[in-house]
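The structure appears right after this line, and notes come after that.
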Amino acid sequence: MWDVIIIGAGAAGLFCAIEAGKRGRRVVVLEHAERVGKKIGISGGGRCNFTNVHTGPENFISANPHFCKSALARYTPADFIALVEKHGISYHEKKLGQLFCDGSAQQIIDMLLQECDAAGVEIRCGSVVSTVAGAATGGFKVSTNFGSFNSASLVIASGGLSIAPLGATDFGYRLARQFGLRIEEPRPGLVPLTLTAQLLIELSQLSGISLDVLVRSDGRNSKEFRENLLVTHRGLSGPAILQISTYWQPGTAITINLLPGHDVFEILLQNQNTGIELGNLLSTYLPRRFAHAWCNLYTGSKPLRQYDRRELQEIADKLTQMQITPAGTEGYRKAEVTAGGVATAELSSQTMEASSVPGLFFIGEVVDVTGQLGGYNFHWAWASGYAAGQVA
Ligand code: FDA
């Protein structure tokens with residue numbers, strides 16, 4: 001008999017195990033893959049963007065934007081940084097508060113494993129769970145290829161659907177449904193967007209160039225990000241697009257400002273009498289190949305004096321409000337996260353315990369709390385794992 005069974009040895013599961021183990025609970029973590037923390041290992045280009053110093057509720061998307069507040073307030077970036085420093089792991093801020101290991105993401109996995117060891121946590125890799133049921137004696141009975149495990153508390157930390165080769169399954173959603181809990185429809189997040197065949201051909205002239213843009217999603221989840229955009233041979237990518245993809249709703253347009261921070265109409269007006277061609281003028285603000293290809297596509301490139309005021313306004317609008325309706329996303333194969341998940345209305349924001357099923361907890365990515373790009377998803381894994389680990 002265990003006190004706590006945790007299913008999934010990723011970021012959230014390992015962190016929760018450490019916290020519960022430190023309280024003297026007998027904890028076993030069941031992981032179906034042959035090793036723990038695969039996503040941590042490849043995260044952040046192999047350096048793991050393990051938190052963000054600016055983490056706050058506004059960096060997360062959820063049907064209930066307030067749900068994450070309590071857990072984030074009780075486990076902060078400073079807390080995780082202290083743990084990283086205790087283990088002598090050197091790190092740096094890359095940009096925008098994003099903290100990465102100087103060395104390798106494996107250091108974070110090793111840190112979590114050392115902490116698990118110190119807390120007396122048992123980890124069983126290669127565990128294939130066949131059934132989960134409420135035990136007759138109370139608590140839960142989990143049947144696996146290694147036999148049955150019973151426990152008072154059961155924590156589901158099996159993550160989302162993104163990148164199946166790294167161990168992703170729909171286990172958490174199925175289990176939630178089995179216990180009658182509602183799911184916010186899962187969808188790929190932090191994912192490149194695809195274009196219709198026609199638009200792809202049109203924009204292929206712009207491909208391969210990275211640009212600093214301001215991108216906005218329209219509709220219900222209106223949001224904007226200033227980051228880099230990349231036109232690829234499959235569609236749109238780069239951090240600006242990954243960020244907006246989580247907020248984008250199929251069928252709606254995104255609006256791209258190719259020259260953020262500039263009064264483009266004013267610049268065009270000021271240069272109207274200089275004799276300069278539009279493409280050459282834009283080349284002083286945009287990569288040259290991009291500027292000329294863009295003019296080819298949308299405006300042509302005449303000397304500015306040949307455009308009247310109304311035409312210059314139209315050009316400025318096209319540059320600052322370029323509207324594109326993506327065809328879709330590249331899906332879970334390429335998504336860094338899964339948005340949606342176990343509905344927060346079913347869970348306590350203090351403990352992550354299901355209100356209708358005492359002893360059953362959901363943490364990490366399987367919950368309908370999704371971070372923006374920049375270390376926020378790992379921070380949610382730590383914070384939600386910490387919250388559950390105090391009571392499970
Ligand atoms: P996670 O997916 O980490 O762990 C779930 C575990 O459950 C896995 O070990 C899985 O094998 C196991 N499991 C699944 N089904 C099971 C079953 N039926 N039985 C037993 N075990 C099961 N975030 C960030 O903040 N900074 C970053 O740098 C990056 N970088 C990044 C790169 C790439 C390529 C990806 C795909 C993702 C990121 N992320 C990220 C996102 C981050 O990796 C992700 O949000 C967290 O790993 C989520 O932690 P969880 O523990 O909830 O799930």
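The values are calculated or read from the model by the stated rules, or taken from the named source; none is laboratory data. Keep in mind the model is a prediction, meaning the values are calculated, not measured. Quick reminder, even Gly has a Cβ in these numbers, built from the backbone with ideal geometry, and neighbours come from all protein chains shown. Please note that ligands, DNA and RNA were not included when accessible areas were found on the heavy atoms of the full protein model with its side chains. Shrake-Rupley method; radii C 1.70, N 1.55, O 1.52, S 1.80 Å.
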Tell me, please, whether a residue that is exposed (fewer than 15 other Cβ atoms within 10 Å of the Cβ) and among the charged types (D, E, K, R) can be found in region 317-328. yes
Residue selected from region 139-176 under the condition without any contact (Cβ under 8 Å) to a residue 60 or more places away in the chain and more than 14 Å from the ligand (Cβ to nearest atom), by the criterion nearest to A20 (Cα to Cα): K141
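Just to verify a result, which residue in region 205-246, among those that are charged (D, E, K, R) and touching a Leu at 6+ places or on another chain (Cβ under 7 Å), is surrounded by the most Cβ atoms within 10 Å (Cβ to Cβ)?
That would be E224.
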Per the list (1) at pLDDT 95 or above; (2) open to solvent by 10 Å² or more (accessible area, probe 1.4 Å), residue check on L268 breaks on (2)
Pairs needed: first member in region 29-42, under 10 Å from Q106 (Cα atoms); second member anywhere, in a helix (DSSP H, G or I) and aromatic (F, W, Y); C-beta distance under 9 Å; at least 6 residues apart or different chains. I40/F378
Every listed condition ((1) in a helix (DSSP H, G or I); (2) open to solvent by 20 Å² or more (accessible area, probe 1.4 Å)) holds for G21 save (2)
Some residue of region 171-185 being open to solvent by less than 20 Å² (accessible area, probe 1.4 Å), over 27 Å from the mean Cα position of the chain (by Cα), farther than 30 Å from Q323 by Cβ and at pLDDT 95 or above: no
Among A78, A63, A136, which is the only one that is more than 12 Å from the ligand (Cβ to nearest atom), in contact with an Asp or Glu (Cβ under 8 Å, 6 or more places away or on another chain) and open to solvent by 60 Å² or more (accessible area, probe 1.4 Å)? A63
Residue that is nearest to the ligand (Cβ to nearest atom), among those in region 362-380 that are open to solvent by 10 Å² or more (accessible area, probe 1.4 Å) and among the hydrophobic types (A, V, I, L, M, F, W, C): F378
For region 119-231, give me every one of the strands (runs of 3 or more DSSP E) that falls completely inside it and has 2 or more residues that are out of contact with any helix residue (DSSP H, G or I) (no Cβ under 9 Å at 6 or more places or on another chain). 122-125, 129-134, 140-144, 147-156, 183-189
Exclusive hit being more than 16 Å from the ligand (Cβ to nearest atom) and either open to solvent by less than 60 Å² (accessible area, probe 1.4 Å) or polar (S, T, N, Q) (or both), set G341, G359: G359
Expected output for region 61-87 (first residue assigned to a strand (DSSP E or B), partner surrounded by 14 or more Cβ atoms within 10 Å (Cβ to Cβ), Cβ below 6 Å, 6+ apart or cross-chain) is I61/T246; I61/T370
